[in-house]
Each structure stands twice: as structure tokens, then as C-alpha cells.
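Everything on this sheet refers to the single structure shown next.
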Amino acid sequence: MFAHWKAAVMSAALLAGAVTAVAAVTAVAAVAAAGAASAAPGPQKLPSYESSACGAPVVGSVSCNAVELTSPTQYWRPSAPWKGDTPGRSGGNGGGSSGGSAQTPAPPSSGYYPSDLLSAYGLAKAASSMTPGSSAPTVAIVDAYDDPNAASDLAAYRASMSGSTDPNTGLADGTIPPLCSSSVTTNCVTFTKVNQTGGTKYPTGNGGWAEEISLDLDMVSAVCPDCNILLVEASSSSFANLATAEQEAESYHPVAIGNSYGGSEFSTETSYNSTYSSIAANSSSVGTAITAATGDDGYGTLFPAVSPLVTAVGGTSLSYTGTGSSLVWSAQSVWSDAGSGCSSYEAAPTWQQDQGVYRLSSDCSGRQVADVSADANPETGVATYDSYGESGWLVFGGTSVSTQIIGATYGLAAGTGTLKPSPQTLYPDSGASTGQTLGLVPVSSGDNTTSCGDYLCNAADSLLSGYNGPAGLGTPNGLTAFSSATAPPPPPSGSLSFSPTTEELTAGVASGSITVDLSTSAPSAGLTVALSTSSSGGGFSTSSAGPFTATLTLPIIPSGSSSSTPFYYQDTAAGSPTVTASASGWGSAALPNTVSAGPLQTIKVSPSLVTLAEGGSQLFAASGVDSYGNSVSISPSWSTTVPGGSISPASGTSSALQTTSSGNGVVTATEGSVTGSATVTVTAQSTLSVTVTAGSISKSRGRSYAIPLTVAADNATSDAGVSGASVTFQVFSNATCGGTATASGTGTTASSGQVTFNFTTRTATTWCALATVTATGYSQGSGQTSFST
């Protein structure tokens, strides 16, 4: 907290003597403290009855997005009107080990059941049509730290919920298969748990992340009960360790990977995009769906949710009226703490750019989130079983819930048809007048802030497609948006790869020759390969001289050949773009690129236009860009033509100008032959009028003379007193104030613009008193007077 202080010296005493006299100077001051500056606002505050499982992350790490409803008997109230306390539901969430054996606890009294979620999102028929077993899809979960009870808690949840009826909605769950074990080998679900490198030496246990893990596993079980489940535990919540865990999860080839975590965006986040995005293919029929939570702090963006090919999942409130056969799900609204917004570092994907349909380009030039949403409000939360430091049944919300609901929906899609894993397929109606997505229900009410002022935070401002930031394109209504209702495609005929396997480029400079290679020879009809890039500045050409286009279809690779004709890639945007090669029926290839900025083209000096008062100072900063607007690191030299001005340091990214006189000039930053400048105007300061007045001289019995000397500092134009001015006072033993001062002192003018010094001496002679006054906004002034003792 910063404190601001005021000081005012009301009077001063001056003792002086000449030759044999003893002289001294004293001053009396009064200091008063002013108020303190307020701190910047922090994250949105959860209600007292809600608690974040993992807390705020440190720099370089993430937090999980599970929010516990700590008093579910009072605050879990999804029906309309909201229930509050109801008979038979006091004393906790019920269930736990007290209601049955350790493996099959009694079902809970609060929180949605699997049957509720399947009914609300139109997924019950798809869930009942799947069959468990080794050929069933696998849904992976990536979390940090260890939950030692993950397997037993998951088994308890599945056993308790299987065939149970929600006492609130009256909906009955179907059969949820048990986990496979040495004693259960058929009609069961495989649960695999590994560390971030695939081993079984698990990380340190963590109670908060254990809650997240239990929630994630339970939601996959609820929505896709026949899906096999993989849990990969990262050694910590750092971005680096979680990225390693993500790659480990990918190696098992799951149909979906759920990431219920996120951290603040950062300038180098795009270096992780190949981890989170390349596994979700652009194709609508192959790949792994990657989901990530948009966060629980309201308006604002998180990584990895903003990664280009990640399905960013927002949050809603899920409520109902009636029970059993008369139950009706109400229109969902935005959960007020769901994350949303416009990325600061990720470019807008082409499939999200239709003006007025999916975005307003005037409001967001980057990747915007969310894409899709589901229940995340803790007050309409889900039942979860966790015994690691907890009592058993809990109620959770947060975008962790919605993220895993959507991840499990992708699992259902893969198990009953053709998976469409990329978020691109949620935006199918490019150029359409409305663009509403089949299989998604737009959310049209609620917001997560009022500060952004439009669709990025407010569902009432949704675009033509129904898109808004907190809820994306809407909530699931069946699998249409996530799957083509056909049998899974046949295995690919082969795979594609690039040669070379990586590229390091300079912005605007074409790469060397690149080819797409085939793992087996092209079929008799030949093979057509299409090229695309994740960069808005990238382009392809079959000639190193161009022209370059955003996409390129290569000449048909003839039958029997295993390599394409050469092509060239050029990019004008610095970063880490990925080039993708795809061919129908073949595994796609990804070519990671590193694009560095080009030569320095322009230097910008900020601020560019400055007006200062005489004697003032200003800090300037210099930044460099290449001809494409990419940032270039510079350390320029500095100079100035401001009259009487000096600038320091002489080189570096910033420098400060100090002025001493009025006039006009420029401050210039120079790097090689490139310069940038700022225009500076220095205005003259007001003039001080300083007078010194000697009061009546008194003489003591000891022949000591005492004279009060008053200094008055006035505005020379208005004659108003200047308070708070610094006064340097000197007394000379002559009539002209020359030579060496006999006595001196300092003081500060009071509100009247005056300060009085008391001069005492035993010497009888003629004296000269000189006052020099300095005040903010004024040029220095002085005044003097002569007197005799």
C-alpha cells in the first residue's frame, strides 16, 4: 500500500554570531499523514458457502476449476422456486460410509445424479446404446498431484449411483458398469492411473486436487458410463509438468482429454499450443478432442482454454420444475462466475471470424472463449464422492464440471458414431445469416460481468448464431454437434509426415524446400494433400518467390510415389505456428515452425507528445517492430534537442528527460540507422516574489540582540501567498549579503506563504539577510534586507 505524506514547516528559529559570538540555527516542523492509494481489484469473490478446491495459482502454474458447495443442504437449490432447506435433508449431504459399506455408500441427498445430466442434455439414449469393454472409447483426464483414493472413490461412486433414483428429480439411473479388477473381468470399465511419464510412482497427494480428480472421474462416469477412463497425474500444477502429462495422455490415443484447470495467459503460451492443439485434428473425422475450462473468476481468459484447437468450455446454471415424468428442464442461463473473453496472444481462428455471426471483430481480434458450455453453478451442482481428507459425498460446481461433461459427451460421440473432435466443427455455418449450430441450445440470459459491455460477457447481447462469451454456442442437446451419426471410419490407409520435421524462419522470408512424405505408396488414383496453417500470417507456394496463399492443395501425388512435389512456406507473424498436411483417409501431419521477427523497421517512442513544466522530468520508453509489426528487441541510444534538457541513461529501452528551462525540442531513440522520436514542449514556470522583513530588535540584559526576520513568498502575478515553499536563509555580517554567511537555516512557508526566522547575536553591526525560495511550479526566487544591531 502506497502512502502519501504532506509536510508544513510553520516557523524556524535562527541563532547567529559574528567573530566571537556563538551562532546556531533551529527549526520547528509539523508533519501530517494523508490517505493511502487503494489496491487493484482481485479475482471475483465466491459466496461464503462456496470454496475453490485448489485456490489461486502461483506464477507459471494453474489452478483447478472445481468449486465446492460447502453447505449443500441449504444452498443446493436447482428447482424453481429454489428450495433452500427442505425436510429430510439436514445435517450434510447424506450418504458417505455411514449409509452402507465402504464400497457402496448410500446415495446422496443433494447434487445432480448421472440420470439428471443425461436427461438435461439429451444423452440418455446414446449412453444406453453403448457396450463396455476393451473396444469402448477411452476418455482421459489430466490433473496435478495424486489422489491416493482415486480408484476406490470412483468405484464407490459408480456402485452407489448405478440404478439409483435421484430423490429430488425422481429420475432413475441406468446400470453403471463396475471397474474391471481381478475378480471382475467382463462387462466392466477399465480404469488406468499413471504419472506424467507413464509410471506408477505417483506424485505427492494433495487434498484440493484430489477433490478435482474425484469430480472429473465421476463426471466421465455419469455421462459416458461405458467409457474406459485414463487418469494421468502431473508432478505439480506447473504448465510444464501438465504439458508433459498431456503428451503422456495422448500416447494412449483416447477419444478425448479433459483439462479442468487453467492459468493466466502469458506471452509465451503459444509454445504449448502444439501440445494442446495438434492432437485435435482440423479434420471432422479423426483426432482426439481436447477440452479445457474457461475458469471460475468471471470475465477473463485462461490458458489452455484459449489454445486454438482446444474446445473451451464455459458454464451455466441448470434448473428444473416438476419431478419424474412431469419434470421439465428450464432454459439455462449463464453462471455468473464462468470465464470468457478475448485472448491477448492467440490469433482468431478462421472458423470463428464471421462478422456478427460468431464475433464482432471490432471487439475481439483474437481467439475468443467459450465454445460450448454446461452446468457449472455450484448451487445447481453435481454429487461427487471423495474420501481423501473428506467425508464422502460432496456437491461441486465450477467449469471443471462442465469441462468433463463435454469431454464425456465427446466419448459418447466416439462410441456411437463418427467423432468430430475439433471446436471448428461447432462453427459449421460459415457465412450463414444466423449460423446456429445443430445439436446446441443457445443460452440467452445471464452474464459474468457488466464491464465488457457486449456479447463477450453478456448472453443478452448474443450474436446471430446465439454465440456469447460465457456460454459459447450453447449447451448440448444430443450428440449432433459432436458426432456424425455413422459408424466409425475405417483405419487410415497410411500416415503423412513432413521433411524436414521442423522449420525456423524469419518473418517475410520463405522457407527452404519442404515435402510431404507418405508412410506407404500413393493408391492407384493418386493422393491429394491439402496444406493449412494455424497462423493468420502464413502462406504456401510451389515457388520460393510466391505468391503465397493461406491454404494450398498440392499437385496429386501419383500412384506408387511416396513424396509430394516441393512447396515453400512463408509467415509474416512471429510465433510458433503449426503447418498441417491432410488427405482423406490418411493420418495427418503437423510441422512445427518457429518464426522470428524480421529486421528492425520502426522505433516507437512513448509517450510521443509531452508537455512539461520547466524543471519537470519525463520517462520515455522505446519499442521496435519489423515491417510486419512484429516486436524486435532493441537497446537504442538516446538524445534530445530540448533546450537545457538532459537525458539519462544514454542507452537502453527507456530513458528519462530532465528539463531546466522552457522551450521546444524532441527526444530521439536511435538503433543503427532507425530512429524514433517524441515531441516535447517545456512551459515556463510562474515567478515567485520574495521579500524579507526585519522585525523590531529587542536587547537582553546580557547585551544580546534578537531580531525576527520574516520571509514572504508570493505569486508574482496574483500576490497570493505560496505555501509549502522551501526556504534557505542566510545572514551576512555586511550590508550587501556578500562573502561567507555568519548563520544559516532552512524552513517551509505556512499557508500564509510566510516563515519567520529568529536571529540572535551579541555583535553590534550592520547585517544583510538573504532568502532563497524554491516551490513546485515556480522558478526559484530570492529576496534580501539589511538591518543594524
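The values are calculated or read from the model by the stated rules, or taken from the named source; none is laboratory data. Because the structure is predicted, anything quoted here is derived from the model rather than measured. Glycine gets a Cβ as well: all are built from the backbone with ideal geometry, and neighbour counts include every protein chain shown. Please note that ligands, DNA and RNA were not included when accessible areas were found on the heavy atoms of the full protein model with its side chains. Shrake-Rupley method; radii C 1.70, N 1.55, O 1.52, S 1.80 Å.
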| Just for segment 589-608: of the residues that are under 26 Å from the mean Cα position of the chain (by Cα) and farther than 19 Å from residue 307 by Cβ, which one is surrounded by the most Cβ atoms within 10 Å (Cβ to Cβ)? | 597
| message | So for segment 759-768 (the condition being of a type in the set (S, T, N, Q), open to solvent by less than 30 Å² (accessible area, probe 1.4 Å) and more than 13 Å from residue 688 (Cα to Cα)), does at least one residue qualify? | response | yes
| Subset of segment 450-478 [among the hydrophobic types (A, V, I, L, M, F, W, C), in a loop (DSSP other than H, G, I, E, B) and either without any contact (Cβ under 8 Å) to a residue 60 or more places away in the chain or in contact with a Phe, Trp or Tyr (Cβ under 7 Å, 6 or more places away or on another chain) (or both)] | 452, 457, 463, 473
| query | Can you name the condition, by its number, that residue 630 falls short on among (1) touching a strand residue (DSSP E or B) at 6+ places or on another chain (Cβ under 7 Å); (2) buried (at least 18 other Cβ atoms within 10 Å of the Cβ); (3) of a type outside the set (Val, Ile, Thr)? | reply | (1)
| When you go through 615, 652 one by one, which is the residue that is at pLDDT below 95 and out of contact with any strand residue (DSSP E or B) (no Cβ under 7 Å at 6 or more places or on another chain)? | 615
| said: Quick test for you: out of 194, 189, 142, 184, pick the one residue that is hydrophobic (A, V, I, L, M, F, W, C) and in contact with a Gly (Cβ under 8 Å, 6 or more places away or on another chain). | reply: 142
| note | If we take segment 532-588, then strands (runs of 3 or more DSSP E) inside it with 2 or more residues that are polar (S, T, N, Q) and either over 33 Å from the mean Cα position of the chain (by Cα) or surrounded by 14 or more Cβ atoms within 10 Å (Cβ to Cβ) (or both) are 578-582
| Any pair with Cβ under 7 angstrom, 6 or more apart, that starts in segment 745-774 at a residue that is farther than 18 Å from residue 723 by Cα and ends at one that is among the basic types (Lys, Arg) | 762/703
| query | Of all the residues that make up segment 609-622, how many are open to solvent by 60 Å² or more (accessible area, probe 1.4 Å) and under 29 Å from the mean Cα position of the chain (by Cα)? | reply | 1
| remark: Given (1) in a loop (DSSP other than H, G, I, E, B); (2) in contact with a Ser or Thr (Cβ under 9 Å, 6 or more places away or on another chain); (3) within 27 Å of residue 626 (Cβ to Cβ), residue 525 misses just (3)
| field | segment 647-662: number of residues that are without any contact (Cβ under 8 Å) to a residue 12 or more places away in the chain and within 34 Å of the chain's Cα centre (by Cα) | value | 1
| request: Identify all residues within segment 50-76 that are over 21 Å from the mean Cα position of the chain (by Cα) and either closer than 14 Å to residue 265 by Cα or part of a loop (DSSP other than H, G, I, E, B) (or both); write none if there are none. | output: 70, 71, 76
| message | If I ask for residues that are hydroxyl-bearing (Ser, Thr, Tyr) and part of a loop (DSSP other than H, G, I, E, B), which ones from segment 126-170 would you list? | response | 131, 134, 135, 145, 162, 164, 169
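The rows are residues; the columns are (1) among the β-branched types (Val, Ile, Thr); (2) within 33 Å of the chain's Cα centre (by Cα); (3) open to solvent by less than 10 Å² (accessible area, probe 1.4 Å).
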| residue | (1), (2), (3) |
| --- | --- |
| 105 | no, no, yes |
| 108 | no, no, yes |
| 112 | no, yes, yes |
| 118 | no, yes, no |
| 121 | no, yes, yes |
| 124 | no, no, no |
| 144 | no, yes, yes |
| 147 | no, yes, yes |
| 161 | no, no, yes |
| query | Which pairs do you get when a residue that is among the aromatic types (Phe, Trp, Tyr), found in segment 140-168, comes within reach of a residue that is open to solvent by 40 Å² or more (accessible area, probe 1.4 Å), reach meaning Cβ atoms under 7 angstrom, with the pair 6+ apart or on two chains? | reply | 145/204; 145/206
| Restricting attention to segment 644-701, and to residues there that are β-branched (Val, Ile, Thr), over 30 Å from residue 756 (Cα atoms) and in contact with an Asp or Glu (Cβ under 9 Å, 6 or more places away or on another chain), which single residue is most open to solvent (accessible area, probe 1.4 Å)? | 683
| Residue ID - farthest from residue 348 (Cα to Cα), chosen from residues in segment 476-504 that are modelled with pLDDT of 85 or more and in contact with a helix residue (DSSP H, G or I) (Cβ under 8 Å, 6 or more places away or on another chain) | 478
| remark: The number of residues in segment 371-396 that are at pLDDT below 95, part of a loop (DSSP other than H, G, I, E, B) and either open to solvent by less than 30 Å² (accessible area, probe 1.4 Å) or aliphatic (A, V, I, L, M) (or both) is 0
| task | Working carefully through the options 205, 170, 174, 199, find the one that is in contact with a strand residue (DSSP E or B) (Cβ under 8 Å, 6 or more places away or on another chain) and surrounded by fewer than 18 Cβ atoms within 10 Å (Cβ to Cβ). | result | 205
| said: So, residue 258, is that one surrounded by fewer than 22 Cβ atoms within 10 Å (Cβ to Cβ), touching a residue at least 24 places away in the same chain (Cβ under 8 Å), closer than 25 Å to residue 376 by Cβ and of a type outside the set (S, T, N, Q) or not? | reply: no
| message | Quick check on my filter: what residues within segment 314-335 are under 16 Å from residue 77 (Cα atoms) and either assigned to a loop (DSSP other than H, G, I, E, B) or open to solvent by 40 Å² or more (accessible area, probe 1.4 Å) (or both)? | response | 318, 319, 321, 322, 323, 327, 328, 329, 330, 331, 332, 335
| query | Can residue 465 be described as modelled with pLDDT under 95, touching an Asp or Glu at 6+ places or on another chain (Cβ under 8 Å) and surrounded by 15 or more Cβ atoms within 10 Å (Cβ to Cβ)? | reply | yes
| said: Against the condition assigned to a strand (DSSP E or B) and more than 30 Å from residue 595 (Cβ to Cβ), how does residue 708 come out, does it pass? | reply: yes
| note | Scanning segment 408-443 for residues that are at pLDDT below 90, of a type in the set (A, V, I, L, M, F, W, C) and either in a loop (DSSP other than H, G, I, E, B) or surrounded by fewer than 18 Cβ atoms within 10 Å (Cβ to Cβ) (or both) gives 432, 438
